[in-house]
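Trainee: Quick one: the structure is below, questions incoming.
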Amino acid sequence: MTADDAHQSLSDLARQTGLPVPTVHRTLGELLARGALEHNAQGRQRVGLLAEAWGRAETRRFTLGPI
């Protein structure tokens, strides 16, 4: 996923992960309820503020070397 396609639909996520749509739906519901994801008016999901904060905290803890 890139910044250009940060908002993903349920079917996009199911296709990309290879998981059944009901499994992705349940997982998204849990992540949305906990603030790890958020969705826009069109119902597309993206990383939420909580997950973004976790990611930023971890990048401060660890220095990533070149790949």
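The values are calculated or read from the model by the stated rules, or taken from the named source; none is laboratory data. The model shown is predicted, which means the values in this text are computed figures rather than measured ones.
Trainee: Within the stretch 20-39, can you find the residues that are at pLDDT below 85 and within 12 Å of Q8 (Cα to Cα)?
Mentor: Matches in the stretch 20-39: L37, E38, H39.
Trainee: Name the residues in the stretch 7-49 that are part of a helix (DSSP H, G or I), among the hydroxyl-bearing types (S, T, Y) and within 13 Å of the chain's Cα centre (by Cα), would you?
Mentor: So in the stretch 7-49, the residues part of a helix (DSSP H, G or I) come out as 10-17, 21-33, 49.
Of the ones still in play, those that are also among the hydroxyl-bearing types (S, T, Y) are 11, 17, 23, 27.
Passing the criteria: T17, T27.
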